[in-house]
1. Suppose we filter the range 1-59 for residues that are more than 25 Å from LEU296 (Cα to Cα), under 19 Å from the mean Cα position of the chain (by Cα) and in a loop (DSSP other than H, G, I, E, B); how many remain?
2. Which of the residues that make up the range 168-205 are surrounded by fewer than 20 Cβ atoms within 10 Å (Cβ to Cβ) and of a type outside the set (Val, Ile, Thr)?
3. Could you tell me whether any residue of the range 214-234 is assigned to a strand (DSSP E or B), within 16 Å of the chain's Cα centre (by Cα) and at pLDDT 95 or above?
4. In the range 281-302, what residues are among the aliphatic types (A, V, I, L, M), modelled with pLDDT of 90 or more and in a loop (DSSP other than H, G, I, E, B)?
5. State whether the residues of the range 212-223 include one that is touching a Ser or Thr at 6+ places or on another chain (Cβ under 9 Å) and farther than 17 Å from PRO285 by Cα.
6. Would you be able to tell me the number of residues in the range 106-128 that are crowded, with 17+ Cβ neighbours inside 10 Å, in a strand (DSSP E or B) and not aromatic (Phe, Trp, Tyr)?
7. Kindly indicate the residue of the range 60-79 that is small (Gly, Ala, Ser) and outside any strand (DSSP E or B) and also surrounded by the fewest Cβ atoms within 10 Å (Cβ to Cβ) among those meeting that condition.
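The values are calculated or read from the model by the stated rules, or taken from the named source; none is laboratory data. Since we're looking at a predicted model, the values are computed, not measured. Neighbour counts run over all protein chains shown; Cβ positions are idealised from the backbone, glycine included.
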Amino acid sequence: MSHASSLVRALRSVALYVPDLEKAEHFYTQVWHLELVTRTRNAIYLKGTGSDHHLLSLHQRDGETGIRHVTLRATSPQALDDVARRAVAAGGQVVSAVGPCEEPGGGTAVTVADRDGRRFQLVFGDEVVQARADEPDRPTRLAHVVLNCHLVEETREFLEAALDFSLSDRTRIMAFMRCNSDHHSIALGDTDNDALNHIAFLMPDLDAVMRGGGRMRDAGYEIAWGPGRHGPGNNAFNYFIGPFGEVIEYTAEVEQIDDSYRVGGPSDWTWPPGRIDQWGISAIPAASLRQAQSSLFFSVHP
């Protein structure tokens, strides 16, 4: 049965390596509409209009774009110790033991990795800020992150055992994993690689998703897939390829579920021929999007 996690309260942020921090800052502040909150010697931290200290951190690394870690917010201080123990029992490892988080936002953190090197940072007591509701075209928070998996069921079992995520829906190509009332905070793509598939940023409403698409086109970034509405999660979407080949999504209206939600299987999520979403108006994603969705990996040297 699908259930909220006893260890993880929410997805907080994603950290990426990029080869050009100045270019990254310009895009993510001026075009994508995040706000610079903190700058360090070799990284920038960007927030939305919600209460998270930051949603995205970008770290300078010459010649490389990749994933540094995914950060989740813990339900309690004890959850940090529990996750460290459970990750090892599930076949993973502790990358950084429980201790003060040295990154902006602070708190206490632990970082664990699964067998394939996906790193999850769990933080408790990190800084929160006053949410703002008067900026309609800016992301509020992260909606979800999708990670490709060459052994998707093994990765799913790790998330369940180490982080107490649960399955919301399983399609032919994806497992949707839940930690709170959002239909999914992490989804696992059933693929032949272990790349970052995409990062989804929650917008205030459908109009903001659509206006974001227009703003991106004005800046020279065509919609790579969308507009449309997904089946699992029921969320509206527009996908884009960012300046470093990263796939990013504007989304809204993510389905809210509770423990009574019936977990669906592949037979529950099929479309008529030629359709790939509920509305049926979006074209099949171009080869460039599929290529981008398998090009960014967790860095071997964090």
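1. Residues that pass the stated criteria total 6.
2. Correct list: ARG172, ASN180, SER181, ASP190, ASP192, ASN193, PRO204, ASP205.
3. no
4. ILE281, LEU296
5. no
6. 9
7. GLY63
Condition check ((1) assigned to a helix (DSSP H, G or I); (2) closer than 19 Å to GLY265 by Cα) across all residues:
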site: ARG132; (1), (2): no, no
site: GLU135; (1), (2): no, no
site: PRO139; (1), (2): no, no
site: VAL145; (1), (2): no, no
site: GLU153; (1), (2): yes, yes
site: LEU159; (1), (2): yes, yes
site: ALA162; (1), (2): yes, no
site: SER168; (1), (2): no, yes
site: ASN180; (1), (2): no, no
